[in-house]
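Okay, so here's the structure we're looking at.
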Amino acid sequence: MLQKQNLNTPYFMINEQALVNNLEKAKQLKEISGAKLVLALKCFSTWGTFDTIKPYLDGTTSSGPYEVRLGHEKFGGETHAYSVGYSHADIEAVKPLSDKIIFNSLSQLNAHYDNCKDSASLGLRINPEMSVAGQDLANPARPYSRLGVKQTLLESTVLDKVDGFMFHMNCENKDVDAFINILNHISTTFAEYLNKLSWLSLGGGIFFTYPDYPIEKLGEALKAFAAKHQIQIYLEPGEAIITRTADLVVSVIDIVENDKKTAIVDSATEAHRLDTLIYNEPASVKEANEGAEHNYIIGSCSCLAGDQFCETQFDKPLEIGQKLHLVDSAGYTMVKLNWFNGLKMPSIYFEKVDGSIEVLNEFGYEDFKATLGK
Ligand SMILES: Cc1ncc(COP(=O)(O)O)c(C=O)c1O
């Protein structure tokens, strides 16, 4: 049996019990609201964990053709296909695998309608021009947004072609009242459509697994909306399902000093935890004790000058060889891994409820080489 202390860093360790804890909240939300939940594969596609997730959710949703195929092959249930832009070849690939195909624009809907209309239930992404997103980069309602059709461009003839709408306008929204506010806006602004559609997806970004989130209030609001418009609601959670379920475990390789001490670890945000860099959101280290005596920048092994995980404090000086756990590392990490600098790719392990550790993948030089040529 694999022992944690014998594993080589860097690696992701996904914790099944933490995943089940989140999934139990998802189950509660489904029971109260009547909504169906499909996992957003863009956030988390580590399919070796899907047997744990499947009993709780209704299927998957996707943002590109390969995610559609993965959802269909490895998860099952309902497969929703969405893409910002489908080519004809993409549509040919996703058509046989999808229960729902959601288009991002009227031009995409019109271009592919004849080809898809008999294969799947079709939908259209709408831009509600309202959102809760901490950063402009992740805000679908930002000026000139290309994501979804605005109300002013809609015509009732669209109802001849689609059975459903998809809205996605939240990013890590922990505020149930802010969400209900958008829900009310959608209900009022799009009532003439909603009353005739059979399904509505409200996207992801609702942080219903955050500690003390009022799940009942959210569930009741969704239930009331569904009853009012006689519509089946879907949610597309990603982060909410896998939040706080995985650590990225790294080792201290070197400690350098230039006015401040930097502990260089055997990983890089740019390659293994990209959103730390993109959104400038520092990682948290399990071993740290904020405000303690020994301050360190946790620096990456990449060549990028500003590539660091965080700056934090420890009770004792760090030592070379010591392992550090970068917590909450499941979402938008493994799906964005890349081989920049030819760094060692983190292995992926799954710590099961019974304490055993399953190897989901380990990578080597041949994998790096294969991404760049045959
Ligand atoms: C259309 C759509 N659905 C679902 C999600 C998942 O969001 P989250 O992981 O924040 O729940 C996203 C994230 O960008 C999205 O764009």
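The values are calculated or read from the model by the stated rules, or taken from the named source; none is laboratory data. Not measured: the values here are computed from a predicted model. Here the Cβ positions follow ideal geometry from the backbone for every residue, glycine too, while neighbour counts run over all protein chains shown. Accessible surface is based on the protein model in full, side chains and every heavy atom, while ligands, DNA and RNA are left aside. Shrake-Rupley method; radii C 1.70, N 1.55, O 1.52, S 1.80 Å.
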Quiz item: Out of all the residues in the range 143-181, which are within 13 Å of the ligand (Cβ to nearest atom), surrounded by 13 or more Cβ atoms within 10 Å (Cβ to Cβ) and assigned to a loop (DSSP other than H, G, I, E, B)?
Solution: SER145, LEU147, GLY148, PHE167, HIS168, MET169, CYS171, GLU172, LYS174
Quiz prompt | Lone unmet requirement of (1) surrounded by fewer than 20 Cβ atoms within 10 Å (Cβ to Cβ); (2) away from the ligand (no atom under 16 Å from the Cβ); (3) in contact (Cβ under 8 Å) with a residue 12 or more places away in the chain for ALA138 | solution = (2)
Quiz item: Out of curiosity, is LYS95 under 26 Å from the mean Cα position of the chain (by Cα) and basic (Lys, Arg)?
Solution: yes
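Looking only at the range 107-130, which residues are among the aliphatic types (A, V, I, L, M) and either more than 26 Å from the chain's Cα centre (by Cα) or outside the structural domain of ILE231 (by TED's automatic domain parsing) (or both)?
To start, the set of residues in the range 107-130 that are among the aliphatic types (A, V, I, L, M) comprises 109, 111, 120, 122, 124, 126, 130.
Passing the criteria: only ALA111.
Right, PRO211: more than 14 Å from the ligand (Cβ to nearest atom) and part of a loop (DSSP other than H, G, I, E, B) or not? Break it down into steps so the answer makes sense when it comes.
Working: more than 14 Å from the ligand (Cβ to nearest atom): yes; part of a loop (DSSP other than H, G, I, E, B): yes.
In short, yes.
Of all residues in the range 75-91 being assigned to a helix (DSSP H, G or I) and touching a Ser or Thr at 6+ places or on another chain (Cβ under 8 Å), which is least open to solvent (accessible area, probe 1.4 Å)? Steps first, please.
Keep residues of the range 75-91 that are assigned to a helix (DSSP H, G or I), which gives 75, 88-91.
Narrowing the set further to residues that are touching a Ser or Thr at 6+ places or on another chain (Cβ under 8 Å) leaves 75, 90.
Values: PHE75: 15, ASP90: 39 Å².
My answer is PHE75.
A quick yes/no check of all residues on (1) among the hydrophobic types (A, V, I, L, M, F, W, C); (2) in contact (Cβ under 8 Å) with a residue 60 or more places away in the chain; (3) part of a loop (DSSP other than H, G, I, E, B); (4) open to solvent by less than 40 Å² (accessible area, probe 1.4 Å):
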| position | (1), (2), (3), (4) |
| --- | --- |
| PHE50 | yes, no, no, yes |
| PRO55 | no, no, yes, no |
| SER63 | no, no, yes, no |
| ARG69 | no, no, no, no |
| GLU73 | no, no, no, no |
| ALA93 | yes, no, no, no |
| PRO96 | no, no, no, no |
| ASN110 | no, no, no, no |
| TYR113 | no, no, no, no |
